[in-house]
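To start, the structure under review is shown below, and the notes come after it.
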Amino acid sequence: MSFTHLPVLLKETVEGLNIKSDGIYVDGTAGGGGHSWEILKRLESGKLYSIDRDPDAIKTVTERFKNEPCSQIVRGRFGDMKELLNALEVYEADGVLLDIGVSSHQLDTPERGFSFHEDAPLDMRMSQSGESAKDLVNNLSYPELARIISTYGEEKFASSIARNIVRAREEREIETTLELAEIIKASVPQRVRREGHPARQTFQAIRIAVNDEFGELERGLDGAFELLRQGGRLAVITFHSIEDRITKQKMNSWAQGCTCPKDFPVCVCGNKPKVRIITRKPITASEEELEINPRSRSAKLRICEKL
């Protein structure tokens, strides 16, 4: 199956990277190659390194860009981008793009186990390796399950859902997406079921835990900052409030100057801003984009430039 993904905030992101035709760029989340392709179109003698941990994505972009001399495909986690690029003797970049979260392909391929709409093995692994959602659901303790569902999914009924998951698995192992979705549905009040599918937030939380998405984002932001040369830009698209908060706080910490108390007559800390924030407020999807791609509704784009 081909890897299809409609790139979100495409024009705004590529323009925000301020691409130079001879520059070095990194797309840390290549997916189906939508953002990568727009970057490649602007390169003449430059280079784009497209990274992804999903073997389906790697197969797709390798085929799509096989005749593009400015393209190099790299399989791995974007949290390891600095190490991955250093291994290729690349030590600086003019721009890095991160499009965080699950792709349309992953959601729309039932056998990947990301969706609660289709019955499939409970998987959710972006890399298709390591611990799966089935492993976590059947082995984590009640407190840890409740914490993940509450924190990552911002789910009000996390305790009830976690309790019922533990009860169900005592009878038999939870193996499929619909089995888990039914347990979740039975764990929330009737009124909640009428507001939309009650499994959405719990599935999101488990997916985030399976793929260590917040930890990956922290590592990816640090790696991107270290790779950027002076004047280089970092563009980050998030779809989750915690991801946006992590990105905002990280960029603000880099942009902070003197941290001395206000009553000090002169600065003694020597701290100077390391980046300039390009987007004081996050860029969101236009009405036109929302009509074409409703999944862009929660997308937020933040950009900074290294000083």
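The values are calculated or read from the model by the stated rules, or taken from the named source; none is laboratory data. From a predicted model like this one, the values you see are computed outputs, not experimental measurements. Here the Cβ is made from the backbone with ideal geometry for all residues, glycine too, and neighbour counts use every protein chain on show. For the accessible areas, the whole protein counts, side chains as well, though only heavy atoms, and no ligand, DNA or RNA atoms are used. Shrake-Rupley method; radii C 1.70, N 1.55, O 1.52, S 1.80 Å.
Taking the criterion of being at pLDDT 95 or above, among the small types (G, A, S) and open to solvent by 30 Å² or more (accessible area, probe 1.4 Å), the only residue of the range 1-41 that qualifies is S21. For the criterion of being touching a helix residue (DSSP H, G or I) at 6+ places or on another chain (Cβ under 7 Å), over 20 Å from E243 (Cβ atoms), open to solvent by 10 Å² or more (accessible area, probe 1.4 Å) and not β-branched (V, I, T), E89 fails.
Here G270, G215, G220, G257 are screened, and the one residue that is surrounded by fewer than 21 Cβ atoms within 10 Å (Cβ to Cβ) and closer than 30 Å to Q128 by Cβ is G215. Of all residues in the range 49-60, those satisfying the criterion of being under 18 Å from the mean Cα position of the chain (by Cα) and over 19 Å from G95 (Cα atoms) are R53, D54, P55, D56, A57, I58.
Just to check your reading of the model, which residue among R295, R245 is open to solvent by 70 Å² or more (accessible area, probe 1.4 Å), farther than 18 Å from A93 by Cα and touching a residue at least 40 places away in the same chain (Cβ under 8 Å)? After ruling out the rest, the residue left standing is R295.
Scanning the range 113-126 for residues that are more than 10 Å from T177 (Cβ to Cβ) and open to solvent by 20 Å² or more (accessible area, probe 1.4 Å) gives a single hit, R125. Among the residues of the range 42-74, those that are acidic (D, E) and buried (at least 21 other Cβ atoms within 10 Å of the Cβ) comprise D52, D54. With respect to A199, is the statement that it is surrounded by 14 or more Cβ atoms within 10 Å (Cβ to Cβ) and farther than 21 Å from E111 by Cα true? No; evaluated as a whole, the condition is false for this residue.
If we scan the range 229-241, do we find a residue that is of a type in the set (S, T, N, Q), open to solvent by less than 40 Å² (accessible area, probe 1.4 Å) and within 22 Å of I283 (Cα to Cα)? The answer is yes; a qualifying residue exists.
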